[in-house]
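A short worksheet on the structure shown next.
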Amino acid sequence: MIPVFDGHNDILYRINAAPDRRTEIWSGQDTTGHLDLPRMQAAGFAAGFFAVYIPSRHDDDTPAMLAAMDNPPYDFPLPALIDHHSAQPVALAQIGHLKWMERTSPDAFRLCTTTAQIRSSMAAARIAGILHMEGAEPIDPDLDALHIFHAMGLRSLGPVWSRPTIFGHGVPFRYPSTGDTGPGLTDAGFRLIRECNALGIMIDLSHMTEAGFNDVAKTSAAPLIATHSNAHAVCPTSRNLTDRQLQMIRDTGGMVGLNFATCFLRPDGSDNADMTLAPMLAHLDHLIGVLGEDHVGLGSDFDGATMPKDIKDVTGLPTLLAAMKSHGYTDALIAKLAHRNWLAVLDRTWSA
């Protein structure tokens, strides 16, 4: 089985929504979500970014939003900004769950901060977890908390989710649309990017406006990376990347992780799970065609999005790899897409 390095998942958000049931969730007694330890092990999930995500107040309306997204077009307003005083306790709770996962499963899961640790964990068949923050709401304007979270193991940060922060602006959930939906980085955002470079924290461009993307590109000394985004040429949603953006990522030695969310895969922008894997392969073909085969990986969005019916959850990873094989991808290319490209870009990013 080819091991998979996954660019994005939201199991920490799922656990934090029901913290008294985290043992049942992590142990696989509760299989209502996309991830748990036994299914990850069985499916070849070998490493990945585990996201800290601060929910918006509008998250209670998610069922209604998903229903509307089944029938595009749609255009949802951005949620309100969340200040760091409100966000920090939620972030600390989710990091606590990640540390608990490592503490209770030391032979099966390890929180890693270097590529050497990731490689050794993978070699020992121990899942390697990387602490990621999806939206920088828990970080204060002076960036003191950034250093604290770095000391806790933070090695990847998206300055925004799909809402504004004090650092920049996220794109709304909108189809059809480009990512040119609002302003770029604030003054604090420019400081955040430079400080992440100094600390060796990877910067994730997923969810950023096109203006914000451009601002990061002209400021950051590190490879440009979008952990869970797709090709706008295949699905014209605000969350997907144009060929111009993909070329900029390629030119910095960065990469893009294929997002499995149906609404970012399907050309019609629908969130409906009733789809074949053909759109996933179409996105991969396009991403490889523009970026090159060394700059594309996987970024599932497990536990944070609707999955295609043939994927369903983490147990669908072998199905996707088999589809790549049937599509004509070589074993060497599949290994690059599955894990080798992620390891290589982290070598380039964390050592920068």
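The values are calculated or read from the model by the stated rules, or taken from the named source; none is laboratory data. Every value quoted in this text rests on a predicted model; they were computed, and no experiment measured them. Reconstructed Cβ throughout: ideal geometry from the backbone, glycine too, with neighbour counts over all protein chains shown.
Since residue 339 meets every condition but one in (1) touching a residue at least 24 places away in the same chain (Cβ under 8 Å); (2) more than 15 Å from the chain's Cα centre (by Cα), which condition does it not meet?
(2)
Against the definition (surrounded by fewer than 19 Cβ atoms within 10 Å (Cβ to Cβ), outside any helix (DSSP H, G or I) and polar (S, T, N, Q)), how does residue 315 come out, yes or no? Steps first, answer last, please.
On the way: surrounded by fewer than 19 Cβ atoms within 10 Å (Cβ to Cβ): yes; outside any helix (DSSP H, G or I): no; polar (S, T, N, Q): yes.
Criteria not met by residue 315.
Of 128, 87, 116, 124, which residue is in contact with a helix residue (DSSP H, G or I) (Cβ under 6 Å, 6 or more places away or on another chain) and not β-branched (Val, Ile, Thr)?
Every option except 128 fails the conditions.
May I ask you to list pairs of residues, at least six apart or on different chains, whose Cβ atoms are under 8 Å apart, with the first in the range 237-263 being within 15 Å of residue 337 (Cα to Cα) and free of Cβ contacts under 8 Å to residues at least 60 places away in the same chain and the second being small (Gly, Ala, Ser) and assigned to a helix (DSSP H, G or I)?
No pair meets every condition.
Out of the residues in the range 167-211 that are polar (S, T, N, Q) and in contact with a Ser or Thr (Cβ under 7 Å, 6 or more places away or on another chain), state the one that is farthest from residue 155 (Cα to Cα).
Step one: list which residues in the range 167-211 are polar (S, T, N, Q), which gives 177-178, 181, 186, 197, 206, 209.
This time we only want the ones that are in contact with a Ser or Thr (Cβ under 7 Å, 6 or more places away or on another chain), so: 177-178, 181, 197, 206, 209.
Details: 177: 31, 178: 29, 181: 28, 197: 11, 206: 16, 209: 22 Å.
Out of the qualifying residues, it is 177.
For a quick check of your reading of the model, give me the residue pairs whose first member lies in the range 108-129 and is under 18 Å from residue 2 (Cα atoms) and without any contact (Cβ under 8 Å) to a residue 40 or more places away in the chain, whose second is surrounded by fewer than 20 Cβ atoms within 10 Å (Cβ to Cβ) and among the charged types (D, E, K, R), with beta-carbon atoms closer than 8 Å and at least 6 apart or on different chains.
From the range 108-129, the pairs are 126/107.
Count, please, the residues in the range 83-122 that happen to be assigned to a helix (DSSP H, G or I), of a type in the set (Lys, Arg) and more than 24 Å from residue 140 (Cα to Cα). Step through it out loud before you land on a result.
Just the residues of the range 83-122 that are assigned to a helix (DSSP H, G or I), to begin with: 84-104, 115-122.
So of that shortlist, the ones also of a type in the set (Lys, Arg) come out as 99, 103, 119.
Add one more test, that the residue is more than 24 Å from residue 140 (Cα to Cα), and what stays is 103, 119.
The number of residues fulfilling the criteria is 2.
Could you list, in sequence order, the residues of the range 1-36 that are in contact with a strand residue (DSSP E or B) (Cβ under 7 Å, 6 or more places away or on another chain) and either in a loop (DSSP other than H, G, I, E, B) or of a type in the set (A, V, I, L, M, F, W, C) (or both)? Quick ask: steps written out before the conclusion?
Step one: filter the range 1-36 for residues in contact with a strand residue (DSSP E or B) (Cβ under 7 Å, 6 or more places away or on another chain), giving 3-13, 34-35.
Correct list: 3, 4, 5, 10, 11, 12, 34, 35.
Which one is modelled with the lowest pLDDT among residues in the range 42-88 that are among the polar types (S, T, N, Q) and crowded, with 16+ Cβ neighbours inside 10 Å? Before you say what the answer is, go through the steps one by one.
Residues of the range 42-88 among the polar types (S, T, N, Q): 56, 62, 71, 86, 88.
Now drop any that are not crowded, with 16+ Cβ neighbours inside 10 Å, which leaves 56, 88.
Working: 56: 92, 88: 98.
Selected residue: 56.
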